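For reference, the structure discussed in these notes is given below.
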C-alpha cells in the first residue's frame, strides 16, 4: 500500500492502529521522517515494543536487521526497528523481507520495521527490492510537492498544538517564515505555549500515557494575535528579559527567550537572570527589605508588582524548576534547556504552563 505523507500522517495520529510489518518512508524532508517516527512511537510503546535503530553501512547490515527481528526478548512483546541508510537489500534478504511481511499480515508475529530512505524515483520504485514494501507493507512518500500541501500539513500540526489560525494569519505565518517548514513549525510551537498553555500541558500528559494528543478544543488566532507574538528583528539582552518578566508581559518574555536562543545567548547567563529575579521575589515575599537585597529604587515597583502576582505555594516550586534548568544545561536530563528556561521565565511573569499535581 502506498500513501503520501499527508494521507498517512492523520491515520497514524489515531488512538489505535496496526503497526506490525514493513514500512518504507522515502523523501528529502528530514522533518517529515521525524514526525512519522513521533507518530508511530506511542503505538510501539503502547504495544510494548522494544525500539531500536540500525544504520545500514553496507548490504551486509541487512543481516543484522534480520537477526534483530528474529530475536525474542523476555521483557518485550515485539521489536520495532528504525532503519536508516540507502543500501538496498540483495535477493536473499528481499525474500526474507517478503516472508516477514506476509507473516505480519497473518498475525504470525508483531514485529515492525520502518526503513527511512532518500526520495525514490519511479525507476527505483519498479525495482525488486521495493516490491515487498509496496505489495505487503506500507510505503509513505515523505515529500511535499506544492505550497498547498505544506500549509495542509502545518494545519494538522496546529490542531495538534490546539491552535486554529485565520486565513490572514496563515498568510502572515508563511510569509514570516519564508515558507520554510521547520521555521513555521517552530513558530506554531511557540504560539501554543503563549496562547494554549493548558492545552499543551494536557497534550504532554496524553503523550506520556500513549493517548491521542489532539486537544478537544482549539484556540482561534487572527492576524493581530500573530503579529503580536512573532519575534521581532531587534536584539534583546537578559536585562530586557528581566524587565519583561517582572512586568508580567508574557508575550514579550517569549519573544525575548526565542531571540536569545536564536542569537546563541549562553543558557547559563539566561538562567542567572531568571534565578536572580526568582530568589529576590521569594526573599521580598518573606519580608526582606528591597534595599538590603540590592534592588535599585527604579526597579522596586516592578519587583513589588511581581510579588503580588505570585503566591507562596507557587514560589515554593521555583527552586526545583531552577534545579531542572541547571541539570538540562549540563546535559543531565533529556528535556531541552531552552524549553525549561521558557517555562521558568513565563512562571515568573505570572503565566503558568503546568499546574501542580
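A few notes on this one:
- Residue 265 passes every criterion in (1) more than 18 Å from residue 353 (Cα to Cα); (2) more than 29 Å from the chain's Cα centre (by Cα); (3) surrounded by 12 or more Cβ atoms within 10 Å (Cβ to Cβ) apart from (2).
- Which listed residue is part of a helix (DSSP H, G or I) and over 23 Å from the mean Cα position of the chain (by Cα), from 149, 102: 102
- Screening the stretch 229-239 for residues that are surrounded by 12 or more Cβ atoms within 10 Å (Cβ to Cβ) and more than 12 Å from residue 263 (Cβ to Cβ) and picking the one that is modelled with the lowest pLDDT gives 230.
- Test: residue in the stretch 159-166 that is modelled with pLDDT under 95, more than 15 Å from residue 35 (Cα to Cα) and part of a helix (DSSP H, G or I): no
- The single residue among 260, 269, 226 that is in a helix (DSSP H, G or I), touching a residue at least 60 places away in the same chain (Cβ under 8 Å) and within 30 Å of residue 161 (Cβ to Cβ) turns out to be 226.
- If the condition is being within 11 Å of residue 115 (Cβ to Cβ) and either modelled with pLDDT under 90 or part of a loop (DSSP other than H, G, I, E, B) (or both), then the stretch 44-62 contributes only 56.
- Condition met for residue 12 (free of Cβ contacts under 8 Å to residues at least 40 places away in the same chain, under 20 Å from the mean Cα position of the chain (by Cα) and either surrounded by fewer than 19 Cβ atoms within 10 Å (Cβ to Cβ) or on the phi < 0 side of the Ramachandran plot (or both)): yes
- Here is the figure for the stretch 7-37: residues that are assigned to a strand (DSSP E or B) and within 19 Å of residue 124 (Cβ to Cβ) total 5.
- Picking from residues in the stretch 63-81 that are in a helix (DSSP H, G or I) and within 12 Å of residue 51 (Cα to Cα), the one that is modelled with the lowest pLDDT is 69.
- Residue 7, sole failed condition from (1) closer than 17 Å to residue 138 by Cα; (2) surrounded by 15 or more Cβ atoms within 10 Å (Cβ to Cβ): (2)
- Out of 182, 113, sole residue that is on the phi < 0 side of the Ramachandran plot, in contact with a helix residue (DSSP H, G or I) (Cβ under 8 Å, 6 or more places away or on another chain), modelled with pLDDT of 95 or more and outside any loop (DSSP other than H, G, I, E, B): 113
The values are calculated or read from the model by the stated rules, or taken from the named source; none is laboratory data. Note that the coordinates shown come from a computational prediction; the quantities given were computed from them, not determined experimentally. All Cβ positions, even for glycine, are placed from backbone atoms using ideal geometry, and neighbour counts span all protein chains on display.
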